[in-house]
Amino acid sequence: MNEITKEIFKIIKKEQKRQKDTIELIASENFVSKDILKANGSILTNKYAEGYPSKRYYGGCKYVDQIETIAINLAKELFSAEHANVQPHSGSQANQAVYLAVLKPGDKVLALDLNSGGHLTHGHSLSSSGLLYEFHSYGVNKDTFLLDYDEIEKIALEVMPKLIVTGASNYSRIIDFKRFSEIASKVGALLMVDMAHIAGLVATSLHPSPVPYADFVTSTTHKTLRGPRSGLILCKEKYAKIIDRAVFPGIQGGPHIQTIAAKAICFGECMEESFITYQKRILANIKAMEKAFNNRNVSMISGGSDNHLVSIEVYKSLGITGAEAEKKLEKYNITVNKNSIPYDTLPPTKASGLRLGSAAMTSRGLEENDFYEIANLITDILLDKSLELNKAYQERVKNIIDKLY
Ligand code: DSN
């Protein structure tokens, strides 16, 4: 083992310890099963397989064809989709592929704005989405912080986009995909739903599925779905060809077969009864946080949550910016991310909010009383203006860490 290899493994060990000893509340993270880890780190990484099952540009693909076919079939079954492409390396690439498949440079797209919970690939000026296409945005209602479908319809009628995008990185309420599809058909637009955050809830019918309503559904596979770090596209059969062509050779070369194998295992795990129980616990656990924040008068965007995340306002309600809060909590081994809130008066580097998710710690066995305590602990830490680390809070963190699987 050379020095570089030793160094890298040493750092991986440290990261492993950090993950083990941390209260992980980043809403987009999770902990995969040992089988998923094993497939993802397997010899499949040695194989090139440009193309699709039985239509490859390389020899020696008979086994990887079997793996990709299993993954495709499971993805279709899990989400009741007509067609699945399991090759996107990430959610961003899944989105990029849909745009390439249906848009020409300069075409108009309507998507949720970043401050209201949208994603960079939904038209940020520095993302290829915003650079190549003419993105317009809708936000959330100024008073309720909820999606206002009548307002979205009004904007859609003004913009007349070719594609409407919905789905979010930071929206804690149920999204009405049927209403979005009605708006899209009224203005003659296609509909794409990026369900990355809620895919696990959709897979278990705990959030309404976008699949019957959207022309295209994109997702990551590593958030509530609890699979490997990767992407997925679902669509109607009539779009299968243009989607497959947009992924390869449109934006990607060889698929990562080791990750596709891990995705197949993930989809299989999602069909087990225990996965439904897990998703129900995610929801119950976030409700426990919601209750604690309510009791402590910590302001939550839209007043609470119907899914796996809750977005809290910290600048006005606790007197600390999101960036400072993130740093302060990290000192106590609580990992969160700062997040802009709708109509934020602070820049995204500071931000007024924190986004907290329950998927990862639910995977590690925490229950409602633990999440209730975590929300109280976060509130205590953020209200405490002392610069010294507080031993009592450290003890409370340790009590939670000690319970983790
Ligand atoms: N970065 C992811 C998130 O945290 O929501 C979205 O891609």
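The values are calculated or read from the model by the stated rules, or taken from the named source; none is laboratory data. Note that the coordinates shown come from a computational prediction; the quantities given were computed from them, not determined experimentally. Positions of Cβ are backbone-derived with ideal geometry, glycine not excepted, and every protein chain shown enters the neighbour counts. Ligands, DNA and RNA are stripped out before the accessible areas are found, and what is left, the full protein with its side chains, is counted by its heavy atoms. Shrake-Rupley method; radii C 1.70, N 1.55, O 1.52, S 1.80 Å.
Mind listing which chymotrypsin sites (Phe, Trp or Tyr not before Pro) in the range 343-404 are in a DSSP loop and have 15 or fewer other Cβ atoms within 10 Å?
Values: sites: Y343, F371, Y372, Y393; in loops: Y343.
Here the sparse-neighbourhood loop sites are Y343.
Where does the range 49-182 land on Rg/Rh, using Cα atoms and the Kirkwood Rh?
Details: Rg = 17.8 Å, Rh = 16.9 Å.
That ratio equals 1.06.
Which trypsin sites (Lys or Arg not before Pro) from the range 55-151 combine a DSSP loop assignment with at most 11 other Cβ atoms within 10 Å?
Working: sites: K55, R56, K62, K76, K108, K142; in loops: K142.
Loop-located and lightly packed - K142.
Determine the alpha carbon to alpha carbon distance for each of K142/K291; K287/K391; K55/K76 and list only those over 25 Å.
Values: K142/K291 23 Å; K287/K391 28 Å; K55/K76 20 Å.
K287/K391, as the Cα separations exceed 25 Å there.
Using the Cα centre of the range 57-127 as origin and beta-carbon charges of +1 (Lys, Arg) and -1 (Asp, Glu), tell me which of S92, C61, A71 is placed farthest towards the positive end of the dipole.
Farthest towards the positive end: S92.
Compute the accessible area per residue over the chain, keeping the other protein chains in place, probe 1.4 Å, unit Å². Kindly include the intermediate steps, with their values, before the conclusion.
Numbers: 18280 Å² over 405 residues.
Normalised by residue count, the accessible surface of the chain is 45 Å².
Run the paramagnetic zone check for S274: 7 angstrom along Cα to Cβ, then residues of the range 340-367 with backbone nitrogen under 19 Å.
Only 359-367 fall inside the zone, counting backbone N under 19 Å.
Output ³J(HN,Hα) for the range 208-217: one whole-Hz value per residue in order, computed from phi by the Karplus curve 6.51 cos²θ - 1.76 cosθ + 1.60 with θ = phi - 60°, and x for Gly and Pro.
Going residue by residue, I get x, 7, x, 4, x, 9, 9, 6, 9, 10 Hz, with x marking Gly and Pro.
Positive end of the dipole of the chain, charges at C-beta (+1 Lys, Arg; -1 Asp, Glu), about the Cα centre: which of T166, N390, N115 has its Cα farthest in that direction?
Among T166, N390, N115, the one farthest towards the positive end of the dipole of the chain is N390.
What whole number of Å gives the distance from the Cα centroid of the range 253-271 to the Cα centroid of the range 278-356?
Using only Cα atoms, the two centres lie 32 Å from each other.
Using only C-alpha positions, report the orientation-averaged shadow area of the convex hull of the range 202-267, nm², one decimal.
Values: hull surface 19.6 nm².
Its average projected convex-hull area is 4.9 nm².
Hey, can you grab everything whose amide H is under 5 Å from the amide H of S137? Only 5+ residues off in sequence or another chain; H modelled, so Pro and N-termini drop out.
A111
How big is the dipole moment of the range 247-366 about its Cα centre under a simple scheme where the beta carbon of each Lys and Arg is +1, that of each Asp and Glu is -1, and everything else is neutral? Debye, nearest 20, please. It would help to have the intermediate numbers written out before the result.
Working: 14 positive and 10 negative charges, 74 e Å.
The dipole magnitude comes to about 360 debye.
Defining a contact as two alpha carbons under 8 Å apart and six or more residues distant in sequence, what relative contact order in percent does the chain show?
Here the relative contact order equals 22 percent.
Aspartates and glutamates within cross-link reach of K34: Cα-Cα under 19 Å, excluding same-chain residues under 8 positions apart?
Straight-distance partners of K34: E15, D21, E24, E269, E272, E273.
Against the globular-protein guess of 2.2 N^0.38 Å, express the Cα radius of gyration of the range 153-290 as a ratio, rounded to two decimals. Write down the numbers at each step before the final one.
Details: Rg = 16.3 Å, N = 138, 2.2 N^0.38 = 14.3 Å.
Working it through for the range 153-290, the quotient is 1.14.
Take I11, project a point 7 Å from its Cα along the Cβ direction, then tell me which residues of the range 25-48 have their backbone nitrogen under 20 Å from it.
Output list for this probe position: 41.
What is the spread of the Cα atoms of the chain along each of their three principal axes, largest first, in whole Å?
Dimensions of the chain along the principal axes of its Cα atoms: 62, 61, 41 Å.
State the antiparallel share, in %, of DSSP beta bridges confined to the range 105-213, rounding to the nearest 5.
Working: 1 of 12 bridges.
About 10 percent, rounded to the nearest 5.
What's the longest uninterrupted piece of the chain once you rule out the GluC sites (Glu not before Pro) that are loop residues per DSSP with at most 12 other Cβ within 10 Å?
It runs 1-271.
Name the long-range amide H neighbours of T335: under 5 Å, sequence gap of 5 or more, or other chain; modelled H, no Pro or chain starts.
When sequence neighbours closer than 5 places are left aside, the close amide H contacts are I23, E24, L25.
Any idea what the dipole of the chain comes to, in debye rounded to 20, about its Cα centre with Lys/Arg Cβ at +1 and Asp/Glu Cβ at -1? Each step should come with its number before you reach the end.
Working: 49 positive and 46 negative charges, 190 e Å.
Once rounded to the nearest 20, the dipole reads 920 debye.
Over the chain, what is the percentage of antiparallel beta bridges among all DSSP beta bridges, to the nearest 5? Intermediate results must be reported in sequence, preceding the final value.
Values: 20 of 36 bridges.
Close to 55 percent.
Rounded to whole Å and sorted largest first, what semi-axes of the equivalent ellipsoid does the C-alpha gyration tensor of the range 225-332 yield via the square root of 5 times each eigenvalue?
Working: eigenvalues 283, 76, 45 Å².
Result for the range 225-332: semi-axes of 38, 19, 15 Å.
Give me the percent of accessible area attributable to carbon and sulfur for the range 311-405, probe 1.4 angstrom. Walk me through the intermediate numbers first.
On the way: 2260 of 4410 Å².
C and S fraction of accessible area: 51 percent.
Going by amide H atoms built from the backbone, whose H comes under 5 Å of the H on L191, apart from near neighbours?
I164, D215, F216
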